[in-house]
């Protein structure tokens, strides 16, 4: 998968999974344009602000003229029913759904032939822990946005999403139950997600659009009942 002379835009690309994605594209020859709320050698800004997205898109278009790949990766706020305010819930949805939609809209006029858009959802788009409503709603929203965009951009760009499970971004060597509970026997790594982003953005995935691919070590396929494998339910 060679991305020489390709322009790739990554939101939230200065840390964690986003940084790994950006680095993997760079290693394959791409020019990567990152926007992140964290300070650093990239475009710094909060994608929840309309004017920030507009200025960022304007700079991308002015400097590069076209875009081959967009990776909507920026992380929404995670708060739940007990503590999440109206404003915080709206902020999570803005970062997780509205901003990806608007960025694609702004950059759609300069999408190159064969362009790819990859949205980063979460396995929480289909399962939940308590008190995670803002994050879960945003991830469910971007998963649905994916197939809507795929239809609207038919013939212009392929649009897919990835739903990561537990991905460790701290280089921790997890052992014991944390690892063995996963059907694959380990916790995920950022490169597990980056590899799929690269594939979906390549010509090898030219017949794939509107899809969501869950990369979670099999956790969402694992049925758990009280008493199985030492699991107990405590309320």
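The values are calculated or read from the model by the stated rules, or taken from the named source; none is laboratory data. It should be emphasised that the depicted structure is a prediction, and the values quoted were computed from it without experimental measurement. Don't worry about glycine lacking a Cβ; one is built from the backbone with ideal geometry, like all the others, and counts go over all protein chains shown.
Quick notes on this structure:
- Across region 128-151, the number of residues qualifying as assigned to a loop (DSSP other than H, G, I, E, B) and in contact with a helix residue (DSSP H, G or I) (Cβ under 6 Å, 6 or more places away or on another chain) comes to 1.
- Some residue of region 152-172 being outside any loop (DSSP other than H, G, I, E, B), at negative phi, at pLDDT below 95 and surrounded by fewer than 17 Cβ atoms within 10 Å (Cβ to Cβ): no
- Residue that is farthest from residue 94 (Cα to Cα) [pool: residues in region 7-58 that are over 16 Å from the mean Cα position of the chain (by Cα) and buried (at least 21 other Cβ atoms within 10 Å of the Cβ)]: 30
- Of all the criteria given as (1) under 16 Å from residue 197 (Cα atoms); (2) without any contact (Cβ under 8 Å) to a residue 40 or more places away in the chain; (3) not in a helix (DSSP H, G or I), the one not satisfied by residue 10 is (2).
- Filter pass, residue 180 being within 26 Å of residue 225 (Cα to Cα), touching a helix residue (DSSP H, G or I) at 6+ places or on another chain (Cβ under 6 Å) and surrounded by fewer than 22 Cβ atoms within 10 Å (Cβ to Cβ): no
- Hey, residue 179 farther than 24 Å from residue 32 by Cα, within 26 Å of the chain's Cα centre (by Cα), assigned to a loop (DSSP other than H, G, I, E, B) and free of Cβ contacts under 8 Å to residues at least 12 places away in the same chain or not: no
- Meets criteria (in a helix (DSSP H, G or I), touching a helix residue (DSSP H, G or I) at 6+ places or on another chain (Cβ under 8 Å), surrounded by 23 or more Cβ atoms within 10 Å (Cβ to Cβ) and modelled with pLDDT of 95 or more) for residue 104: yes
- Filter result (surrounded by 18 or more Cβ atoms within 10 Å (Cβ to Cβ) and part of a helix (DSSP H, G or I)) within region 196-218: 196, 197, 198, 200, 201, 205
- Any pair with Cβ under 7 angstrom, 6 or more apart, that starts in region 43-59 at a residue that is closer than 16 Å to residue 74 by Cβ and ends at one that is exposed (fewer than 14 other Cβ atoms within 10 Å of the Cβ): 43/59
- Contact map, region 77-91: first residue closer than 12 Å to residue 48 by Cα, second residue exposed (fewer than 10 other Cβ atoms within 10 Å of the Cβ) and at pLDDT below 95, Cβ cut-off under 7 Å, separation 6 or more or different chains; the map is empty.
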